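The values are calculated or read from the model by the stated rules, or taken from the named source; none is laboratory data. All values derive from a computational prediction rather than experimental measurement. Cβ: placed from backbone, ideal geometry, glycine included. Neighbour counts: every protein chain shown.
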Amino acid sequence: MNTIGIIGAMEEEVAILKEKMSEVTVLEKAGMEFFKGILGGQQVVIVRSGIGKVNAGICTQILADVFQVNAVINTGIAGSLKVEINIGDIVLSTDTMQHDVDAREFGYEIGQVPRMDTRTFPADDRLRETALQVCRKVNPEIQVFEGRVASGDQFVADKETKEKIIANTQAYCTEMEGAAIGQAAYLNGIPYLVIRAISDKADDSAHMDYPAFEKEAIRHTVNLVENMMKAL
Ligand code: ADE
């Protein structure tokens, strides 16, 4: 049976999914609790990675090494980088990129880790197509977009930083883990997908919007991920 790893950075992003699991066993590693069990008839390992790229990369490697997962899904919230993508809407990653990697001094483009052969990490088409169909069905009240996700160790909450990230990445949303998961998945040859609901606009209103809309945004991703497991 295939096993799917599901990563959320924060407890709020995975708590409801964990409650919906059956046949649960727990393994602790690197300060993270890995909940193995069944969700929507699918064998899954659900884990809170902690915030940021390093935590997310470590978490993905453990899913690969210890649980030999066949796919990784990263669920959570993000700041919108496009006017038409509203709070509550969902972005499915076509690919991911680190907006805070900068070795231009050596002739690399923004986002490219020196001596790696790519600056973007393509997400899996089949996972994205399934997520798209399921999302339209179970979250009909919101818009769902397919596009690039830009990640960095930075909560983006001002217009200037936001504009810089847009110019450098052409991404649809920004968060703090997706591209690290993408990089780890790429290195291990594991299909992956980032699913993010928008909690704020990554601008000067982000500090206020984020806490207000976090719960609502998470409700949409939980609904999608649970139903996606049934469809896979
Ligand atoms: N996650 C949710 N909103 C975010 C933002 N504005 N910047 C980075 N990560 C986020």
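If we keep just the residues of the stretch 134-146 that are of a type outside the set (A, V, I, L, M) and in contact (Cβ under 8 Å) with a residue 60 or more places away in the chain, which is nearest to Thr75 (Cα to Cα)?
Cys135
Scan (1) over 13 Å from the mean Cα position of the chain (by Cα); (2) assigned to a helix (DSSP H, G or I); (3) buried (at least 20 other Cβ atoms within 10 Å of the Cβ); (4) more than 9 Å from the ligand (Cβ to nearest atom) for the single condition Ile166 breaks and write down its number.
(3)
Could you please find all residues in the stretch 209-232 being out of contact with any strand residue (DSSP E or B) (no Cβ under 8 Å at 6 or more places or on another chain) and either away from the ligand (no atom under 16 Å from the Cβ) or of a type in the set (A, V, I, L, M) (or both)?
Ala212, Asn223, Asn227, Ala231, listed by residue number.
Any chance the stretch 106-117 includes a residue that's in contact with a strand residue (DSSP E or B) (Cβ under 8 Å, 6 or more places away or on another chain) and free of Cβ contacts under 8 Å to residues at least 40 places away in the same chain?
no
With respect to Ala197, determine if the residue is touching a Ser or Thr at 6+ places or on another chain (Cβ under 6 Å), away from the ligand (no atom under 16 Å from the Cβ) and not acidic (Asp, Glu). Spell out the reasoning first.
Values: touching a Ser or Thr at 6+ places or on another chain (Cβ under 6 Å): yes; away from the ligand (no atom under 16 Å from the Cβ): no; not acidic (Asp, Glu): yes.
Spelling it out, it is not the case that Ala197 is touching a Ser or Thr at 6+ places or on another chain (Cβ under 6 Å), away from the ligand (no atom under 16 Å from the Cβ) and not acidic (Asp, Glu).
For (1) buried (at least 18 other Cβ atoms within 10 Å of the Cβ); (2) part of a strand (DSSP E or B); (3) on the phi < 0 side of the Ramachandran plot; (4) modelled with pLDDT under 95, each residue gets a yes or a no:
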position: Ile46; (1), (2), (3), (4): yes, yes, yes, no
position: Gly57; (1), (2), (3), (4): yes, no, yes, no
position: Leu63; (1), (2), (3), (4): yes, no, yes, no
position: Ile85; (1), (2), (3), (4): yes, no, yes, no
position: Thr96; (1), (2), (3), (4): yes, yes, yes, no
position: Glu105; (1), (2), (3), (4): no, no, yes, no
position: Ile110; (1), (2), (3), (4): yes, no, yes, no
